Amino acid sequence: MEVSRLFYYPVKSLGVVETNQLDVTAWGPDRDRRLMLVDENGKFVTQRQHNEMALMKTEDDGKTLTFKNGPETFTLPWPDFSLDGAQKNVRVWDDEVAGSLVSPEADQWFSKQLNRPVSLVYMSDDTTRQVDLEFAQKGDKTGFSDGFPFLLISEASLAFLQEELPFELTMNRFRPNIVVKGCEAFAEDRWKRIAINGIDFEIVKSCSRCAIPTINPETAERQPEVMKVLVKHRKQGNKVFLGQNLIHRGQGFITVGDDVQLLD
C-alpha cells in the first residue's frame with residue numbers, strides 16, 4: 001500500500017489544497033483547519049448551513065480565496081497571523097476554545113460573499129483543543145477539525161461507491177487528509193495502527209458522515225444519491241461511516257508515494 005493523495009484545508013469547510021508533501025506538526029497536518037468562520041454567537045459556520053461555501057476555492061498554496069470564480073479575492077496572511085488581535089470564545093460542536101479575530105477586512109469579505117455576518121478566526125499556537133479523551137491521550141490536540149487531526153480514506157472505498165452513481169464522486173467531498181491505494185474497499189475499517197515515513201498513526205474512530213459529501217464541490221448542488229449509497233452500504237445503527245480518524249505519534253512529513261505499513 002502507498003499514499004496516493006494528500007490534502008489540507010486552510011479554512012474549515014472551504015476549499016482544499018492538494019499537495020505532494022504534507023508536513024506533520026504537533027497539530028496534525030500543517031495549516032489544516034487553523035482558520036474557521038463563526039457567526040455572531042461564535043458558533044462555527046460550515047457547508048451544512050451554507051452549501052455555497054463549497055464554491056470558496058483556494059489558490060496559491062491555500063493563501064488566496066475566491067468565490068464562484070469571481071474577480072474579488074481575499075489573501076490569508078500565512079504565516080504572519082497577528083496574536084495581538086481581539087479574541088472571542090468560539091464553538092466547534094461541544095468544544096469551546098479561544099479564537100483570534102484575523103481582521104475586519106476578512107470579516108467584511110466573507111460576510112459579503114455569504115450575505116450574512118461572519119467572522120474569520122485563527123487558532124493560535126498558545127491555544128490547545130484537546131482531542132476527545134475517550135479516543136486520545138492527554139495532550140493530543142487538533143485545530144478546528146470536527147474532532148481529530150487526520151482523516152484517511154482508501155481509493156478502493158471511493159471506487160466501490162462510485163460504481164452505483166451516475167456522476168463523478170470526487171474524493172474531496174469526503175475531506176480526507178491521507179488517501180491510500182493498494183488495498184481492498186473499506187480495508188481501513190480493520191486497521192488499528194499504521195506507519196508512514198517513520199511516523200506512527202493510531203486509527204481511533206470511524207468517521208460518521210453528515211450531508212456535506214452530498215454537496216457537489218464544483219456547483220454546490222446537493223446530490224442526495226450520495227447519501228442513499230452510503231446508507232445502503234455503510235449504515236451502522238442510525239449513522240453512516242466512511243474513512244478513519246487518525247492520531248499521529250510523531251512529527252515530520254509524509255509524501256505521495258510513501259509506503260503505508262500496517263502495524264496492527
Practice task
Looking only at the stretch 146-204, count how many residues are in a helix (DSSP H, G or I), touching a residue at least 60 places away in the same chain (Cβ under 8 Å) and within 27 Å of Leu37 (Cβ to Cβ).
Solution key: 2
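Please count how many residues of the stretch 212-234 are within 19 Å of Asp146 (Cβ to Cβ) and modelled with pLDDT of 95 or more.
Taking the stretch 212-234 first, the residues within 19 Å of Asp146 (Cβ to Cβ) are 212-215, 217, 226-227, 230, 234.
Next, from what is left, pick out any that are modelled with pLDDT of 95 or more: 212-215, 226-227, 230, 234.
Of the residues in that region, 8 qualify.
Per-residue answers, yes or no, for (1) hydroxyl-bearing (Ser, Thr, Tyr); (2) loosely packed, with under 15 Cβ neighbours inside 10 Å:
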{"residue": "Gly99", "(1), (2)": "no, no"}
{"residue": "Thr127", "(1), (2)": "yes, no"}
{"residue": "Gln130", "(1), (2)": "no, yes"}
{"residue": "Ile153", "(1), (2)": "no, no"}
{"residue": "Leu169", "(1), (2)": "no, no"}
Exercise for the section: Output the residue which, of all residues in the stretch 49-62 that are surrounded by fewer than 17 Cβ atoms within 10 Å (Cβ to Cβ) and assigned to a loop (DSSP other than H, G, I, E, B), is farthest from the chain's Cα centre (by Cα). Expected result: Asp60
Exercise for the section: Kindly indicate whether Lys63 is more than 22 Å from Met171 (Cβ to Cβ), of a type in the set (Lys, Arg) and modelled with pLDDT under 95. Expected result: yes
Completion exercise
All conditions in (1) surrounded by 12 or more Cβ atoms within 10 Å (Cβ to Cβ); (2) among the hydrophobic types (A, V, I, L, M, F, W, C); (3) closer than 30 Å to Pro224 by Cα are true of Leu76 except (3)
Exercise for the section: Check off (1) out of contact with any strand residue (DSSP E or B) (no Cβ under 7 Å at 6 or more places or on another chain); (2) surrounded by 18 or more Cβ atoms within 10 Å (Cβ to Cβ) for Leu120 and give me the number that stays unchecked. Expected result: (1)
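Let's see how each residue does on (1) out of contact with any helix residue (DSSP H, G or I) (no Cβ under 6 Å at 6 or more places or on another chain); (2) under 19 Å from Ala156 (Cα atoms):
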site: Asn177; (1), (2): yes, yes
site: Lys181; (1), (2): no, yes
site: Gly198; (1), (2): yes, no
site: Ser206; (1), (2): yes, yes
site: Pro213; (1), (2): no, yes
site: Glu218; (1), (2): yes, no
site: Glu221; (1), (2): yes, no
site: Asn238; (1), (2): yes, no
site: Arg249; (1), (2): yes, no
Exercise for the section: Quick one: which residue in Gly252, Gly237, Gly243 is of a type outside the set (Ser, Thr, Tyr), at positive phi and crowded, with 17+ Cβ neighbours inside 10 Å? Expected result: Gly243
Practice task
Report yes if some residue within the stretch 17-27 is within 18 Å of the chain's Cα centre (by Cα), without any contact (Cβ under 8 Å) to a residue 60 or more places away in the chain, crowded, with 21+ Cβ neighbours inside 10 Å and in a loop (DSSP other than H, G, I, E, B); otherwise report no.
Solution key: no
Practice task
Tell me, please, whether a residue that is within 27 Å of Thr219 (Cα to Cα), out of contact with any helix residue (DSSP H, G or I) (no Cβ under 9 Å at 6 or more places or on another chain) and outside any strand (DSSP E or B) can be found in the stretch 71-90.
Solution key: yes
Practice task
Enumerate the pairs (first residue in the stretch 83-94 and farther than 13 Å from Leu35 by Cα; second residue anywhere and among the charged types (D, E, K, R) and modelled with pLDDT of 90 or more) with beta-carbon separation below 6 Å, excluding pairs fewer than 6 apart on the same chain, so at least 6 apart or on different chains.
Solution key: Asn89/Glu96
Exercise for the section: Give me a count of the residues in the stretch 97-112 that are without any contact (Cβ under 8 Å) to a residue 40 or more places away in the chain, outside any loop (DSSP other than H, G, I, E, B) and under 30 Å from Gln130 (Cβ atoms). Expected result: 6
Problem - Residue that is among the hydroxyl-bearing types (Ser, Thr, Tyr) and at pLDDT 95 or above, where the choices are Thr75, Thr58, Thr25 - result: Thr25
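The values are calculated or read from the model by the stated rules, or taken from the named source; none is laboratory data. Quantities reported herein were computed from a predicted structural model and do not represent experimental measurements. Positions of Cβ are generated from backbone atoms using ideal geometry, with glycine treated the same way; all protein chains shown enter the neighbour counts.
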